[in-house]
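FYI, it's all coordinate maths here, none of it is from the lab. This one's a predicted model, so the numbers in the text were calculated from it and none came from an experiment. Neighbour counts are summed over all protein chains in view; Cβ atoms, including those assigned to glycine, are modelled from backbone coordinates with ideal geometry.
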Amino acid sequence: MTNVLDKGFVELLDVFGDDLTVVNAARVSFAKESEEMNSKDEKLIQYLASHNHITPFFHPQLRFRLKMPIYVAREWFRHGIGFARNEVSRRYVDTQPECYNPTDIRERDQNLKQGSKLTNIEQNDEVSQTIQHIQDDLIVFYNRLLELKVAPELARGVLPQSMYTEFIETGSLSAYARLCKLRLDPHAQFEIRQYAQAVSDLIQTKFPVCWESLTK
């Protein structure tokens, strides 16, 4: 498990396949198969990746459990092709919510339609503390609604987008390569880059040849 942000994490639960899975998915076109990786197989993977022959990279699958703020998850979920996800639902659970409280309140970049500067606003500490207080107040009110026997599916409506959500996600190696390529870009939001980097590092340990070829 890799800790991300404050209370978030990325955990690799299961892996189907390895570098050789991709090799043999490609070699079946010629009715051939490799029993173990060799230099020719590595060159084949590099060729497949560099020439955008992506179908062999759909065969390996990875399953993760991730915990991230809702507003980060909604950006993450925009990557839908090649993924299956199941998320914790507050229609069914009413455990104590947790929120992401950023300590660095980044300044808006007026030259960009989206994104932020690397510098924080002047009132950084004051705003960070205020965000924390508002989050705490909303959670207190949420718990009060539950005490009043309000249905969880309605009570959850007062919780902020900064609340952590948790989900299990299964995706192909190709799908994760596409996600990480976009979400590790310097223009992507800082928080989502932290999750993409954690996912990328874990995949690298399982598919060293493929991942280097797909992400370089």
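The 3J(HN,Hα) values that the Karplus relation (6.51, -1.76, 1.60; θ = phi - 60°) gives for the stretch 29-43 are, in residue order, 4, 10, 6, 10, 8, 9, 8, 8, 5, 9, 5, 5, 5, 5, 5 Hz. Gly and Pro appear as x.
Note that the stretch 80-91 has calculated 3J(HN,Hα) couplings of x, 6, x, 10, 10, 9, 9, 10, 4, 10, 7, 6 Hz, one per residue in order, obtained from phi through the Karplus relation 6.51 cos²θ - 1.76 cosθ + 1.60 (θ = phi - 60°); glycine and proline are x. Once the chymotrypsin sites (Phe, Trp or Tyr not before Pro) in DSSP loops with at most 15 neighbouring Cβ atoms within 10 Å are cut out of the chain, the longest remaining piece is 93-216.
Expressed as a rounded percentage, what relative contact order does the chain have, with Cα pairs under 8 Å and six or more residues apart? Relative contact order, the chain: 31 percent. Taken one residue at a time, the phi angles of the stretch 60-75 give Karplus couplings (6.51, -1.76, 1.60, θ = phi - 60°) of x, 10, 10, 10, 10, 10, 10, 10, 8, x, 4, 5, 7, 4, 5, 6 Hz. Gly and Pro are set to x. Checked against a 25 Å cut-off, the cross-linked pairs Lys43/Lys67; Lys7/Lys216; Lys32/Lys181; Lys67/Lys181 give Cα-Cα distances beyond that limit for Lys43/Lys67; Lys7/Lys216; Lys32/Lys181. Ignoring aspartates and glutamates fewer than eight residues from Lys206 along the same chain, the ones with Cα atoms less than 14 angstrom from its Cα are Glu11, Asp14, Asp18, Asp19. Going from the fewest other Cβ atoms within 10 Å to the most, the residues Ile81, Ile192 appear in the order Ile81, Ile192. Taking the fewest neighbouring Cβ atoms within 10 Å as the starting point, the ordered list for Met37, Met1, Met68, Met163 is Met1, Met37, Met163, Met68. Given the options Ser29, Ser172, Ser116, which has the most mean-square fluctuation in a GNM of the chain, springs set between C-alpha atoms less than 10 angstrom apart? For the chain, modelled as a Gaussian network with Cα springs under 10 Å, the answer is Ser29.
Between 0 and 90 degrees, rounded to the nearest ten: what's the tilt of helix 190-206 against the longest Cα principal axis of the chain? Helix 190-206 and the main axis of the chain meet at about 30 degrees. Converting the Cα gyration tensor eigenvalues of the stretch 106-158 into ellipsoid dimensions via √(5λ) gives semi-axes, longest first, of 34, 15, 5 Å.
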